[in-house]
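Comments concern the structure below.
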Amino acid sequence: MSKWINKRKVSILNLAPPSKPGPALQATPVGEQEFEQLFHFAFKCFRLFALTPGLMDRQKDRYRVRNTRWMMLIVLLLVVVAWIALFETFFIERRTALITGIANHIQFLMNTIALTVAWVVPQLKADELGSILDGFLLIDRELSSYNVHEVAGYKRVSFLLRYGVVLLALMSLTVYDGFVSFVQLTTVEVWYWLSHQLPFIIYAMAFLHAYVLIYWLHARFRRLNTLVEQYYRQGHIFAPARQTIISFATMVKLDEESAVGEELHSVGRREISDDLQVLAIVSRTIDLGQKIESYFGPLFLTVYTALFSVTTIQSYYCYLHLTAKGDRGLSIETLVLSGGIILYNVIAIVALPYICEQVESESKLLMSYLSKLSMKHSQVAQHSSIWFPNLISSVRFSAFGFFTINYNMLSGLVAGMVTYLIIFIQFNSMVPAGKDDTHHTRKQHVTEERF
């Protein structure tokens with residue numbers, strides 16, 4: 001009968017240095033507390049637009065996200081008012097061409113659907129937003145234990161700069177829109193103007209919320225790549241802040257019929273442990289990306305549909321102005337407004353694919369390191385070659401699976417806009433405008449006495 005014994009055994013204890021006398025250590029690391037406060041601050045900023053659940057309070061040294069009745073009631077009232085305004089627009093008399101009127105109704109409908117999703121979905125997914133926060137904190141805690149320094153990317157100043165720039169841009173467009181609507185076109189009512197303007201502001205801020213969370217995820221991927229690169233190049237991970245026990249043993253097989261023992265390869269427990277710990281962090285990071293995708297999936301689908309519709313219709317309005325004869329086209333101010341709306345929509349359309357491509361690029365770099373690790377340590381980490389490709393294969397963001405948010409989406413979006421713009425132009429030529437019709441985008445019926 002064969003027997004297995006340890007030929008030799010080496011144990012290394014790497015204990016943390018004794019703590020110096022002083023105040024008690026905090027239960028939560030400083031960096032983790034800073035991010036919690038930043039997340040809470042961002043939560044309150046987006047709550048001003050009803051884009052987050054009602055409350056985020058601290059319970060047992062950690063923040064919890066939960067719904068409140070008053071917030072759900074406010075959102076319900078806002079949604080009802082938005083749909084009532086949409087219903088009322090169908091009964092407004094306009095001196096516009098038939099196709100232009102249909103285009104206006106399409107804008108209203110798509111904007112209202114996107115507005116409803118941007119308001120309602122966050123109230124139904126409070127637990128998911130809380131799990132996203134927990135995912136960020138858990139990844140930060142594990143990366144900090146390996147002494148991977150934070151990448152400057154999610155500080156409060158950086159967030160405030162983005163938030164302020166987007167808010168200022170939206171306010172500028174809103175003020176100019178009000179000037180065109182109430183000074184140039186004096187027949188526009190306030191509720192009619194708000195029903196056009198409010199959805200654009202709300203889902204633009206909702207897109208900023210998604211951009212911020214994906215940007216923070218991108219910062220974690222960069223830190224994770226730093227860790228994996230260190231492990232690949234140096235063969236080990238330095239973790240001076242924690243206690244480690246490293247044990248190496250050589251297994252020897254003794255055969256009772258032979259006096260010679262057969263020595264097998266040495267097994268490094270630390271190496272296997274490092275593999276598993278890196279895999280765990282990679283898995284949690286990818287899982288966090290999937291949670292963000294699930295949380296914003298309905299928003300991506302409806303808002304991109306609305307942006308597609310509005311951009312196409314505003315391009316159609318610009319075409320009408322450029323081809324109109326006499327004074328039947330848009331005014332110069334309204335033409336500039338339509339151009340501004342198109343520009344802002346293009347920025348919103350491109351911003352998310354940009355940051356999603358950044359995350360995907362970091363994930364490809366991570367896959368490269370992990371693939372090299374699986375080949376380098378194939379003798380002692382055979383499980384790595386199985387886990388690495390599967391873990392990294394799903395780091396992408398999609399709109400409920402209908403399309404992927406990346407640069408490839410833009411080509412299809414542009415092709416669709418051109419196609420529907422041609423359809424609008426063809427229908428407009430088939431159903432020409434009457435003598436008294438105008439193409440003002442926000443002009444109501446004007447009585448004959450005005451003229």
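General observations
- Qualifying residue in the stretch 375-388 (condition: at pLDDT 80 or above and part of a helix (DSSP H, G or I)): no
- Residue that is farthest from GLN277 (Cα to Cα) [pool: residues in the stretch 208-254 that are of a type outside the set (A, V, I, L, M, F, W, C) and modelled with pLDDT under 50]: LYS253
- Any hit, the stretch 426-437, residues being open to solvent by less than 60 Å² (accessible area, probe 1.4 Å), in a helix (DSSP H, G or I), at pLDDT 70 or above and among the hydrophobic types (A, V, I, L, M, F, W, C): no
- Against the numbered list (1) at pLDDT 90 or above; (2) under 16 Å from HIS40 (Cα atoms), ALA114 comes up short only at (2).
- Enumeration of residues in the stretch 277-291 that are out of contact with any Asp or Glu (no Cβ under 7 Å at 6 or more places or on another chain) and not aliphatic (A, V, I, L, M): GLN277, SER283, ARG284, THR285, ASP287, GLY289, GLN290
- The stretch 50-61, residues that are farther than 14 Å from LEU129 by Cα and either touching a residue at least 12 places away in the same chain (Cβ under 8 Å) or open to solvent by less than 40 Å² (accessible area, probe 1.4 Å) (or both): ALA50, ASP61
- Restricting attention to the stretch 262-314, the residues being among the basic types (Lys, Arg) and at pLDDT 90 or above number 1.
Condition check ((1) in contact with a strand residue (DSSP E or B) (Cβ under 6 Å, 6 or more places away or on another chain); (2) among the aromatic types (Phe, Trp, Tyr); (3) open to solvent by 40 Å² or more (accessible area, probe 1.4 Å)) across all residues:
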site	(1), (2), (3)
GLN277	no, no, yes
VAL282	no, no, no
TYR295	no, yes, no
THR305	no, no, yes
TYR316	no, yes, no
LEU322	no, no, yes
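- Selection status of ALA103, under 25 Å from ASP127 (Cβ atoms), at pLDDT 70 or above, part of a helix (DSSP H, G or I) and not polar (S, T, N, Q): no
The values are calculated or read from the model by the stated rules, or taken from the named source; none is laboratory data. Keep in mind it's a predicted model, so treat the numbers as computed, not measured. Ideal geometry is used to build each Cβ from the backbone, glycine not excepted, and the neighbour counts take in all protein chains shown. All accessible areas refer to the heavy atoms of the entire protein, side chains included, with ligands and DNA or RNA removed. Shrake-Rupley method; radii C 1.70, N 1.55, O 1.52, S 1.80 Å.
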